[in-house]
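Take a look at this one; I'll ask things after.
The values are calculated or read from the model by the stated rules, or taken from the named source; none is laboratory data. Just so it is clear, the structure is predicted and the values come from calculations on it, not from any experiment. Cβ atoms come from the backbone with ideal geometry, glycine included; neighbour counts cover every protein chain shown.
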Amino acid sequence: MPRKIAAGNWKMNGLRANLAELDALAKAHPAPAVDVLICPPATLIAACRELPFAIGGQDCHANASGAHTGDLSAAMLADAGATAVLTGHSERRTDHGETDADVAAKSTAAHAAGLQAVICIGETLAEREGGTTLSVIDTQLAGSVPDGATAANTVIAYEPVWAIGTGKVPTTDQIAEVHAHIRARLSERFADGADFSILYGGSVKGSNAAEIFAVDHVNGALVGGASLKAADFSPIVAALETA
Ligand code: PEP
């Protein structure tokens, strides 16, 4: 069975003072019935170790070490207390030109360091409007998910680029179509494809979480803006717990 995961991506937000939000979230969910994964900026990972949540990085380098100023290896994230890392977030693909091959290499590096890779894929608005969403998803799955992926070491996050941070959300039919497609592709390629968690990401809020979690093959969410405040993220965790 896929695990249910409520994941928060803080992006480039968060100073030590903001850890109070995670303390408040921990008070509201001291023993969550679903996996809660918080991906703060790397500077805060070590400070999150005592929380009752899994902690993740937002990116890692494909190499284990070396002359890569400013980058972090997967082993460094693990050493700081992370058990997971996002790879291929659309902001990394856009801001840093990351290709599917880069994402696959980073995901393999994550696995080698014992981290779960949360591999992000999703179409742009032009691709959605051009009717190529499913073929874009196929290309990204084939290129970004390495052969060593298993349901234990990999999570797929479907995040339509046009829904991230925009307040626009696909219809539940659109989400259902893509998630069923991802499930089918994973099942064709991997013996345990039925067990991978597939998260939806893009403008998830407390007010829309329950209807999104009711969609087949939606096993949780990757949440940006609404993960920054305990008051916003807690209802999403609660909705997943009762989904
Ligand atoms: C994200 O950063 O992955 C994301 C989905 O952001 P938001 O929830 O703000 O749309």
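Looking at 8, 88, 57, 14 in this structure, which one is of a type outside the set (Phe, Trp, Tyr), in contact with a Leu (Cβ under 6 Å, 6 or more places away or on another chain) and buried (at least 21 other Cβ atoms within 10 Å of the Cβ)?
57
Separate question: Within segment 53-95, track down each residue that is assigned to a loop (DSSP other than H, G, I, E, B) and either closer than 30 Å to residue 30 by Cβ or in contact with a Gly (Cβ under 8 Å, 6 or more places away or on another chain) (or both).
Scanning segment 53-95 gives 53, 58, 59, 60, 72, 81, 82, 83, 89.
Looking at (1) of a type in the set (Asp, Glu); (2) more than 28 Å from residue 112 (Cβ to Cβ); (3) part of a helix (DSSP H, G or I), can you tell me which one residue 123 breaks?
(3)
Is it the case that some residue within segment 187-195 is under 18 Å from the mean Cα position of the chain (by Cα) and buried (at least 22 other Cβ atoms within 10 Å of the Cβ)?
Within segment 187-195, not a single residue is under 18 Å from the mean Cα position of the chain (by Cα) and buried (at least 22 other Cβ atoms within 10 Å of the Cβ).
May I pose another question? In segment 86-94, is there at least one residue being of a type in the set (Gly, Ala, Ser) and either farther than 18 Å from residue 7 by Cα or modelled with pLDDT under 95 (or both)?
Among the residues of segment 86-94, not one is of a type in the set (Gly, Ala, Ser) and either farther than 18 Å from residue 7 by Cα or modelled with pLDDT under 95 (or both), which makes the answer no.
Check residue 59 against each of (1) within 16 Å of the ligand (Cβ to nearest atom); (2) touching a helix residue (DSSP H, G or I) at 6+ places or on another chain (Cβ under 6 Å); (3) more than 30 Å from residue 191 (Cβ to Cβ) and name the one condition it does not meet.
Condition not satisfied by residue 59: (3).
Under 6 Å by Cβ, and 6 or more places apart or on different chains, what pairs join a residue from segment 1-28 that is outside any helix (DSSP H, G or I) with one that is modelled with pLDDT of 95 or more and acidic (Asp, Glu)?
Correct list of pairs: 2/195; 3/35; 5/35.
Looking only at segment 92-122, how many residues end up being within 16 Å of the ligand (Cβ to nearest atom) and surrounded by fewer than 20 Cβ atoms within 10 Å (Cβ to Cβ)?
The total comes to 4.
Need the failing condition index for residue 168 against (1) within 11 Å of the ligand (Cβ to nearest atom); (2) within 18 Å of the chain's Cα centre (by Cα), just the number.
(2)
Return the only residue of 98, 50 being under 17 Å from the mean Cα position of the chain (by Cα), free of Cβ contacts under 8 Å to residues at least 12 places away in the same chain and part of a loop (DSSP other than H, G, I, E, B).
The match here is 98.
Tell me which of these residue 176 doesn't satisfy, since it passes every other one: (1) within 16 Å of the ligand (Cβ to nearest atom); (2) farther than 16 Å from residue 37 by Cα.
So the condition that residue 176 fails would be (1).
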